[in-house]
Amino acid sequence: MVTIHLENTIGSVKMLDDTAANAEASSAEPMAAERLESQKENLANVCRALEDAVAKINEFQKNLFESSKEQIAKLSVEIARKILVQEVQEGDYEIESIVKEALKNAPTHQDVVVHLNPEDHVQFQKVLQGDAGGALADIKFVADPNIGRAECLLETPKGVIESLIEAHLERIGKALEKAE
């Protein structure tokens with residue numbers, strides 16, 4: 001709700017064009033001309049007050065949008081986090097897709113060691129049995145209790161690549177905050 005406060009109350013407003021105002025002023029007594037000038041001044045004051053109100057409303061809207069945008073981004077990330085935690089707990093994810101996506105970021109697939117959560121490692125071994133001689137054949141997979149479920153860590157000759165849920169959520173949150 002927006003409230004506009006004026007210093008004076010507006011009794012009435014009468015709009016006249018310049019020719020009508022001049023004709024009325026010349027034919028009316030001096031008191032009428034003063035009244036007309038006072039009405040013009042009151043109208044100018046009302047216009048200034050309305051312009052100020054519009055500026056304040058625009059500033060309020062801008063500030064509200066900016067503060068809401070940050071809150072919406074945080075809320076969105078928290079909702080995604082809760083959904084992901086539930087899906088991970090239920091095992092409702094494909095570790096193969098997660099590993100393949102992480103491997104896309106590896107500079108090479110030679111001498112790569114992929115660390116998986118022990119539970120995911122068991123599942124992934126089943127995938128590897130069906131993919132004998134495939135694209136994943138030259139990659140070493142190890143069970144690592146320090147890696148969370150639905151996550152992986154790749155050791156490459158040029159460095160480490162992490163595919164961690166928390167890092168993905170953080171990037172999503174930053175992207176949402178920057179979005180217009």
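The values are calculated or read from the model by the stated rules, or taken from the named source; none is laboratory data. Every value quoted in this text rests on a predicted model; they were computed, and no experiment measured them. Positions of Cβ are backbone-derived with ideal geometry, glycine not excepted, and every protein chain shown enters the neighbour counts.
A few points about this structure:
- Against the numbered list (1) surrounded by fewer than 12 Cβ atoms within 10 Å (Cβ to Cβ); (2) in contact with a His (Cβ under 6 Å, 6 or more places away or on another chain); (3) aliphatic (A, V, I, L, M), Ala175 comes up short only at (2).
- Residue match in the range 50-58 (condition: surrounded by fewer than 12 Cβ atoms within 10 Å (Cβ to Cβ), at pLDDT 90 or above, within 22 Å of the chain's Cα centre (by Cα) and part of a helix (DSSP H, G or I)): yes
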